[in-house]
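Here is the structure we will look at, set down as structure tokens.
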Amino acid sequence: MMNIAIVALPNCHASGVHGVMDFFTVANYCARVPGVHSDPLFNCQVVTVDNQPVRGYSGALVTPTVCRESFRPDLIVVGSSVEAAVSAELLERTLEPAIPLYGWLREAFEQDVVVASVCTGSFVLAEAGLLGDQVATTHWRAAPLFRGRYPDIRLDEDQLLVDNGQIICAGGATAFVDLCLYLVERFASPSVSLACSKMLVLDGRRAEQTPYMAFYSRKAHQDDAIRKAQTWLEHHYSDPVSIDDVADVAGLGTRTFKRRFKEATGETPIGYLQHLRIEAAKHKLESSREQTARIIWSVGYEDASSFRRLFKRTVGCTMEQYRKRFSYVTPLAV
């Protein structure tokens, strides 16, 4: 039997914690052979820092099922916190209660325990010093915070799941489902994982979280000239735009503008403009039945083939695939 500890922190994604427990319970059911008595494959328990209940972000109470110090896990899953993805201040508030866990996590790792994170749980693994020579992923919106805090850790936020062997990271909050499917496949069998997928009515594991990403412009900097240029671009992205024009709006020479824009936003001016156009196209794909060619022209591109390549490279799917997955417009009756 494999012992699994799910770590719940204050303001955690409560349904994610309970969802992991439910998933492995279903896996035990799916692994049973009718008429044959056998022990469950997984013993899944919830642990907290101080063995006391914690309140999730939704207000739901998450109660530990075992004492953390006396439980001997073979696998640890560190759950996510919704607020940690939003700002550095809220991230600090999330990480502070986790400090007593770091030594416990390091000791478990040294004893060959597999350690996994869901969403912003990757920050806890990084703080514990477990990601130094690993590849990590996290929630796409938390990626800038992660890179700023841990510049030496290789982050691949496009991936929904990264398996380094003993360290496994999953992307967004609901990626606990993809993580569980993978863990059951790895530690039980592909057939049990497939049975769980059918029992819970789930699609197969997703490979990327790129299609779910949204562009959030960074304006929490002190460069007023660059902020002025950002605002101008947000209102004129569909027009013919040259970098010289935007530099003039900022009141800067072109070379100085490019340098300061990159320093302030983390993006080149061209990259920023492309992101704005892609976000506008995504919104139109979600909210209208407008032809894709017209959408491309409406966001400022004349070369449809070029924009289609840019869209697929950035979003991870074609415009048609994106519309099929995310459109909320009722199709016309035939």
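The values are calculated or read from the model by the stated rules, or taken from the named source; none is laboratory data. Being a predicted model, the structure only gives us computed values, none of them experimental. Positions of Cβ are generated from backbone atoms using ideal geometry, with glycine treated the same way; all protein chains shown enter the neighbour counts.
Some notes on this structure:
- The one condition in (1) of a type in the set (D, E); (2) within 11 Å of the chain's Cα centre (by Cα); (3) modelled with pLDDT of 90 or more that D152 fails to fulfil: (2)
- Residue match in the stretch 206-222 (condition: at pLDDT 90 or above and more than 22 Å from the chain's Cα centre (by Cα)): no
- Residue among L276, L285, L252 that alone is part of a loop (DSSP other than H, G, I, E, B), crowded, with 17+ Cβ neighbours inside 10 Å and not acidic (D, E): L252
- Of the numbered criteria (1) modelled with pLDDT under 95; (2) under 13 Å from V7 (Cβ atoms), the one V135 fails is (2).
- Restricting attention to the stretch 1-26, the residues that are assigned to a helix (DSSP H, G or I), under 26 Å from E92 (Cα atoms) and of a type in the set (S, T, N, Q) total 1.
Residue-wise test of (1) of a type outside the set (D, E, K, R); (2) not in a strand (DSSP E or B).
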{"residue": "N28", "(1), (2)": "yes, yes"}
{"residue": "Q45", "(1), (2)": "yes, no"}
{"residue": "T65", "(1), (2)": "yes, yes"}
{"residue": "R68", "(1), (2)": "no, yes"}
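- Residue within the stretch 28-41 that is without any contact (Cβ under 8 Å) to a residue 60 or more places away in the chain, closer than 28 Å to T120 by Cα and more than 19 Å from the chain's Cα centre (by Cα) present: yes
- Meets criteria (surrounded by fewer than 18 Cβ atoms within 10 Å (Cβ to Cβ), without any contact (Cβ under 8 Å) to a residue 60 or more places away in the chain and either out of contact with any Lys or Arg (no Cβ under 6 Å at 6 or more places or on another chain) or outside the structural domain of L183 (by TED's automatic domain parsing) (or both)) for D74: no
- Scanning the stretch 134-148 for residues that are in a loop (DSSP other than H, G, I, E, B) and surrounded by fewer than 24 Cβ atoms within 10 Å (Cβ to Cβ) yields a single hit, Q134.
- Among residues of the stretch 226-249 being surrounded by 14 or more Cβ atoms within 10 Å (Cβ to Cβ) and among the polar types (S, T, N, Q), the one that is nearest to the chain's Cα centre (by Cα) is Q230.
- E185 in the same structural domain as F23 (by TED's automatic domain parsing) and within 30 Å of S298 (Cβ to Cβ): no
- For the stretch 96-133, a residue qualifies if it is in a helix (DSSP H, G or I) and buried (at least 20 other Cβ atoms within 10 Å of the Cβ), and the qualifying residues are A98, L101, L105, A108, G121, S122, F123, V124, L125, A126.
- Pairs, first closer than 18 Å to F326 by Cα in the stretch 287-309, second among the basic types (K, R), C-beta under 6 Å, six or more apart: E290/K284; I295/K284
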